[in-house]
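Colleague: Take this structure first; my questions come after.
No value in this document is a laboratory result; all are computed from the given coordinates. This one's a predicted model, so the numbers in the text were calculated from it and none came from an experiment. When we count neighbours, we look across all protein chains shown, and the Cβ atoms used for this are built from the backbone with ideal geometry, even at glycine.
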Amino acid sequence: MMKFTVLTLFPEMFAPLQESILKRAQDNELINIALINFRDYALSKHKNVDDVPYGGGAGMVLKPEPLYAAVRDLPLAQGQRRIIMLTPQGQVFNQKRAQNWSSADELVFICGHYEGFDERIRSLADEEVSLGDFVLTGGELAAMVMIDAVARLLPGVLGESASFEEDSHSAGLLEYPQYTRPSVFEGMEVPEVLLSGHHARIEAWRRKESLRRTFLIRPDMIPNIKFLPGDYSLLEE
Ligand code: ADE
């Protein structure tokens, strides 16, 4: 059972995780999602979690005390725990990081909202991660995306026969095109080779289409492709 713990001021934003595959994964005790409102750890009577920035300037800054208290109050870790801070200043999340995190026992996500973090909050985190090069109103949507990407990699979450080798990005390439019946739809035909039953030719076609797509749509991924000995002759055709 992998545990996801989220420290947030808006636990109700996480309702989407109670649907579909992640709901079933929780029902089957493959994952557990704990939501902690760190406002509960605010010290003042009015439960303030933010304050004006030292040195002046617009906006508010998350105070360190509530988050430090919330992290210190986490139940004893059962195995390997990673504490992740969501921020647009972090390293950009990707499939490789999802795979790496999927072997942890617990991931703790610290979500800010609207505002910056007091710099000292950074010391709580093992890593700072961003969903992408854009700014969200808070870390909550980023945490949900990352929980989804990690949870689907865990044994049993997608069902017994799931294979991840062919996912887009898992081998540094985009996934090849897929088709199902009918073989002709509104004049658009399924490529002949897929109907041939010739496994080696199908594999070669899929590899070539994966490479083609990646070159055309995501040339930025080319330096990280793990080329295979047969790729050269495929691309020559
Ligand atoms: N909080 C605000 N913007 C974010 C982003 N891009 N990634 C993660 N957390 C964020």
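Colleague: Being touching a residue at least 60 places away in the same chain (Cβ under 8 Å) and of a type in the set (Gly, Ala, Ser) narrows it down to one of Gly132, Gly156, Gly90, so name that one.
Modeller: Details: Gly132 fails: touching a residue at least 60 places away in the same chain (Cβ under 8 Å); Gly90 fails: touching a residue at least 60 places away in the same chain (Cβ under 8 Å).
The unique qualifying residue is Gly156.
Colleague: Can I ask one more? Looking only at segment 129-156, which residues are assigned to a helix (DSSP H, G or I) and more than 7 Å from the ligand (Cβ to nearest atom)?
Modeller: Kept after step one, since they are assigned to a helix (DSSP H, G or I), are these residues of segment 129-156: 140-151.
Residues satisfying the conditions are Glu140, Leu141, Ala143, Met144, Val145, Met146, Ile147, Asp148, Ala149, Val150, Ala151.
Colleague: Let me ask something additional. So is Ala125 within 15 Å of the ligand (Cβ to nearest atom) and free of Cβ contacts under 8 Å to residues at least 60 places away in the same chain or not?
Modeller: Working: within 15 Å of the ligand (Cβ to nearest atom): yes; free of Cβ contacts under 8 Å to residues at least 60 places away in the same chain: yes.
Criteria met by Ala125.
Colleague: Hey, another quick one. Out of the residues in segment 46-64 meeting the condition of being of a type outside the set (A, V, I, L, M, F, W, C) and crowded, with 18+ Cβ neighbours inside 10 Å, tell me which one is nearest to the ligand (Cβ to nearest atom).
Modeller: Going residue by residue through segment 46-64, those that are of a type outside the set (A, V, I, L, M, F, W, C) are 46-48, 50-51, 53-57, 59, 63-64.
Now drop any that are not crowded, with 18+ Cβ neighbours inside 10 Å, which leaves 50, 63.
Working: Asp50: 15, Lys63: 17 Å.
Of everything passing the filter in segment 46-64, Asp50 is nearest to the ligand (Cβ to nearest atom).
Colleague: Which numbered condition trips up Ser168, out of (1) surrounded by 17 or more Cβ atoms within 10 Å (Cβ to Cβ); (2) away from the ligand (no atom under 16 Å from the Cβ)?
Modeller: Of the numbered conditions (1) surrounded by 17 or more Cβ atoms within 10 Å (Cβ to Cβ); (2) away from the ligand (no atom under 16 Å from the Cβ), the odd one out for Ser168 is (1).
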